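Asker: Have a look at this one.
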Amino acid sequence: MTTSTSTASPLLEADGLTRRFGGLKAVNNVSVNLYVGEVHAVIGTNGAGKSTLINMLSGEIAPTDGSIKLNGKDVTTLSQPKRARSGIGRSYQRTTIFPEFTVLENCRMAAQAALPRPWAVWEPASRCNTALRIARSALEAAGLSDQTEVHAGSMSHGKKRQLEIAMCLATMPKVLLLDEPLAGMGAEETERMLSMLGNLKRTHAVLLVEHDMDAVFRIADRITVMVNGEVIASDVPQAIRTNPDVQVAYLGDH
Ligand SMILES: Nc1ncnc2c1ncn2[C@@H]1O[C@H](COP(=O)(O)OP(=O)(O)OP(=O)(O)O)[C@@H](O)[C@H]1O
């Protein structure tokens with residue numbers, strides 16, 4: 001099942017992705033196209049296969065079947081680090097920052113790790129300056145320019161999640177795979193994150209796995225609904241809201 005009708009070429013094209021764990025098909029024949037300018041949300045009940053799908057797209061687990069293309073190039077068998085370097089960035093459900101370092105240091109390390117020869121720490125300061133420049137620009141895009149010298153561990157939960165996205169941006173991805181970025185956020189933090197995602201989608205293709213349905217229906221340009229590893233619907237939010245299969249399987253009275 002193909003999930004977008006846009007006439008532009010997709011930046012990321014996943015076709016017929018399947019992942020088995022023993023006898024369980026955690027993801028079964030799922031196809032997703034991601035476009036710059038779109039937030040594509042994937043929703044579904046617990047265990048529907050959303051994280052498994054993201055893990056296949058980011059290269060953390062291999063699909064049992066199906067293919068993934070980035071900009072028309074097959075990346076299905078590329079390792080996660082290579083896929084990250086070719087432009088697929090992701091955030092995680094869990095916090096992945098170094099709390100004892102400053103916001104800028106966290107972001108600089110993420111930038112440096114994504115540069116060629118990240119281990120070559122003895123190289124000239126200009127390389128370090130490159131990582132710093134990228135880090136500052138990622139922090140600005142994530143709305144954290146005024147927090148550079150703050151220790152990451154002392155920030156609020158919402159700001160930490162913003163920092164994780166900044167760290168992902170510091171690897172200069174074209175595709176952003178975001179796994180529950182709003183989890184545990186208060187109303188104000190959610191607003192800030194949604195406004196940031198609205199800006200980021202102008203220059204990135206964004207896949208958003210999220211349980212906050214109000215937020216999903218506000219921010220998503222397209223919503224794919226998964227149940228038991230399969231896509232039961234993929235459409236614009238208004239069509240998803242009124243889709244009888246989705247209402248029965250998932251949304252209830254939302
Ligand atoms: N490494 C694994 N080994 C065995 N089964 C797994 C593994 N990872 C996931 N599963 C199973 O695959 C199914 C899909 O899990 P997945 O985590 O992708 O769902 P999800 O939609 O992300 O759920 P949630 O919303 O709770 O995060 C579940 O039944 C889960 O138990």
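Asker: Got a number for residues in the range 52-63 being more than 12 Å from the ligand (Cβ to nearest atom) and among the polar types (S, T, N, Q)?
Answerer: 1
Asker: Continuing with the same structure: Name the residues in the range 6-51 that are surrounded by fewer than 22 Cβ atoms within 10 Å (Cβ to Cβ), within 16 Å of the ligand (Cβ to nearest atom) and of a type outside the set (G, A, S), would you?
Answerer: T18, R20, F21, L24, K25, N28, N29, T45, N46
Asker: Next question, about the same structure. Can you pull out the residues in the range 156-191 that are surrounded by fewer than 16 Cβ atoms within 10 Å (Cβ to Cβ) and either in the same structural domain as S51 (by the TED database) or under 30 Å from Q247 (Cα atoms) (or both)?
Answerer: Selection gives A183, G184, G186, A187, E188, E191.
Asker: Could you list all residues from the range 224-240 that are among the aliphatic types (A, V, I, L, M), in contact with a Lys or Arg (Cβ under 9 Å, 6 or more places away or on another chain) and surrounded by 16 or more Cβ atoms within 10 Å (Cβ to Cβ)?
Answerer: M226, I240
Asker: Identify, by number, the condition in (1) touching a strand residue (DSSP E or B) at 6+ places or on another chain (Cβ under 7 Å); (2) crowded, with 20+ Cβ neighbours inside 10 Å; (3) more than 19 Å from F217 (Cα to Cα) that N55 doesn't meet.
Answerer: Just one mismatch for N55, condition (1).
Asker: Now for a separate question. When the residues of the range 59-80 are narrowed to those that are touching a Gly at 6+ places or on another chain (Cβ under 8 Å) and polar (S, T, N, Q), which ends up surrounded by the most Cβ atoms within 10 Å (Cβ to Cβ)?
Answerer: Among residues in the range 59-80 that are touching a Gly at 6+ places or on another chain (Cβ under 8 Å) and polar (S, T, N, Q), the one surrounded by the most Cβ atoms within 10 Å (Cβ to Cβ) is T76.
Asker: Return a yes/no flag: does the range 198-206 have any residue that is within 17 Å of H40 (Cα to Cα), buried (at least 23 other Cβ atoms within 10 Å of the Cβ) and of a type in the set (G, A, S).
Answerer: Yes, that holds for at least one residue.
Asker: Among the residues in the range 149-162, are any among the basic types (K, R), touching a Gly at 6+ places or on another chain (Cβ under 7 Å) and farther than 17 Å from N55 by Cα?
Answerer: So far as the range 149-162 goes, no, none of its residues is among the basic types (K, R), touching a Gly at 6+ places or on another chain (Cβ under 7 Å) and farther than 17 Å from N55 by Cα.
Asker: Additional query: What's the number of the only condition in (1) in contact with a Ser or Thr (Cβ under 6 Å, 6 or more places away or on another chain); (2) away from the ligand (no atom under 16 Å from the Cβ); (3) small (G, A, S) that A239 fails to meet?
Answerer: Among (1) in contact with a Ser or Thr (Cβ under 6 Å, 6 or more places away or on another chain); (2) away from the ligand (no atom under 16 Å from the Cβ); (3) small (G, A, S), A239 violates only (1).
Asker: Further question: Are there any strands (runs of 3 or more DSSP E) wholly within the range 140-248 with 1 or more residues that are under 27 Å from P116 (Cβ atoms), and if so which?
Answerer: Once the strands (runs of 3 or more DSSP E) in the range 140-248 are filtered for at least 1 residues that are under 27 Å from P116 (Cβ atoms), what remains is 175-179, 205-209.
The values are calculated or read from the model by the stated rules, or taken from the named source; none is laboratory data. Nothing here was measured: the structure is a model prediction, and the numbers come from that model. Because the Cβ atoms are built from the backbone with ideal geometry, glycine has one as well, and the counts that use them run over all protein chains shown.
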